[in-house]
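Enquirer: What follows is a single structure, and I will ask about it in a moment.
No value in this document is a laboratory result; all are computed from the given coordinates. The structure presented is a predicted model; accordingly, all values stated were derived computationally and were not measured. Cβ placement follows ideal geometry from the backbone for every residue including glycine, while neighbour counts extend to all protein chains displayed.
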Amino acid sequence: MRTKIKICGLTSPEEAAFLPPDQVDYAGMVLFCPKSRRNITIEKAREIMKALPPEIKKTAVTVSPTLEQVKLIEEAGFDALQIHGHLAEDISAEAGIPIIRAVNVKDRVPVMESYPRIFAYLFDAAAPGSGKSFDWSCLEQIPVEGRKFILAGGLHPCNVGEAIRQVHPWMVDVSSGVEYDDKKGKDPVKIQAFIEAVKEADEKSS
């Protein structure tokens, strides 16, 4: 089975053109998170979504969002809602799109939530967006209860193959690992290298 790919942290419509629809499954955009250097407005997100191929699912990446923010995200046309930080019960109950629950892995197995709207768990490093990875072996102890399992945190073209072989995630999520070294934005060469590394790992696993 092919490991799905999510390219996260898009900041411009130009970057949308870097994502081949037959190889990238999800695209992420950071919203309502001013501390993030990848944070964009809802208006900018709409522009990016128009530029993305319809086959690629659009994910809004948030930190402890309010119900009002979630409604704005839904109105913008996102397919999924990725939540870091606090997940309020009213959001879980009233969200109109599936939730990807982000879990920051520190030095121990995290406590998992099991709200009905959560369709996938995304395991990230202790500091999300830092580009740092974590000890993947701790994930072997985590029960995902039939939900999808997404691996993030410090992935890049050189280590994603090993991550797939070791953890066997449903999807891998990358942001800083496919960005330029000397300027802001996504690097199409690194994106393609990441895609090829995932493909190679899948072929070796089959």
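Enquirer: State the answer as a single residue: which of 84, 49, 60 lies farthest towards the positive end of the charge dipole of segment 8-106, with beta carbon charges of +1 for Lys and Arg and -1 for Asp and Glu, about the Cα centre.
Expert: 84
Enquirer: What lysines could a cross-link reach from residue 184, if we take a straight Cα to Cα line under 23 Å and drop same-chain neighbours fewer than 8 places away?
Expert: Of all the lysines, those that pass the test against residue 184 - Cα under 23 Å, at least 8 places apart if same chain - are 6, 35, 44, 50, 58, 132.
Enquirer: Provide the percentage of antiparallel DSSP beta bridges, counting only those with both residues in the chain; round to the nearest 5. It would help to have the intermediate numbers written out before the result.
Expert: Values: 1 of 34 bridges.
Antiparallel bridges make up about 5 percent of those DSSP assigns within the chain.
Enquirer: Of all the stretches in the chain, which is the longest one without any exposed loop site, taking GluC sites (Glu not before Pro) in a DSSP loop (any state but H, G, I, E, B) with at most 15 other Cβ atoms within 10 Å? Numbers along the way, then the final one.
Expert: Details: sites that count: 55, 113, 145.
Excluding the exposed sites themselves, the longest stretch runs over 146-206.
Enquirer: Please get the size of the charge dipole for the chain, origin at its Cα centre, with Cβ charges of +1 on Lys and Arg and -1 on Asp and Glu, quoted in debye to the nearest 20. Spell out each step's value before the answer.
Expert: Values: 26 positive and 30 negative charges, 37 e Å.
That gives the chain a dipole magnitude of about 180 debye.
Enquirer: With runs of 4+ DSSP H residues as the only contributors, calculate the mean residue ellipticity of the chain at 222 nm using -39,500 (n - 2.57) per run, divided by the residue total and rounded to the nearest 500. If you can, show how the numbers build up before the last one.
Expert: Details: 6 runs with 56 residues, N = 206.
Helix contribution divided over all residues of the chain: -8000 deg cm²/dmol.
Enquirer: Quote the relative contact order of the chain in percent (integer), defining contacts as alpha-carbon pairs under 8 Å separated by 6+ residues. Write down the numbers at each step before the final one.
Expert: On the way: 406 pairs, mean separation 38.7, N = 206.
Answer for the chain is 19 percent.
Enquirer: Using amide H atoms built in the peptide plane, which far-off residues or other-chain residues are under 5 Å from residue 82 H to H?
Expert: It is 60, 61, 62, 100, by chain and number.
Enquirer: Still on this model: Could you derive backbone 3J(HN,Hα) for segment 161-174 from the dihedral phi with the Karplus parameters 6.51, -1.76 and 1.60 (θ = phi - 60°), listing whole Hz in sequence and x where the residue is Gly or Pro?
Expert: x, 5, 4, 5, 5, 7, 10, 6, x, 5, 8, 10, 10, 9
Enquirer: A follow-up question, please. From zero up to wherever the largest Cα-Cα distance of segment 4-205 sits, split into 5 Å bins and tell me the percent of pairs in each.
Expert: 1, 7, 17, 21, 22, 17, 10, 4, 0, 0
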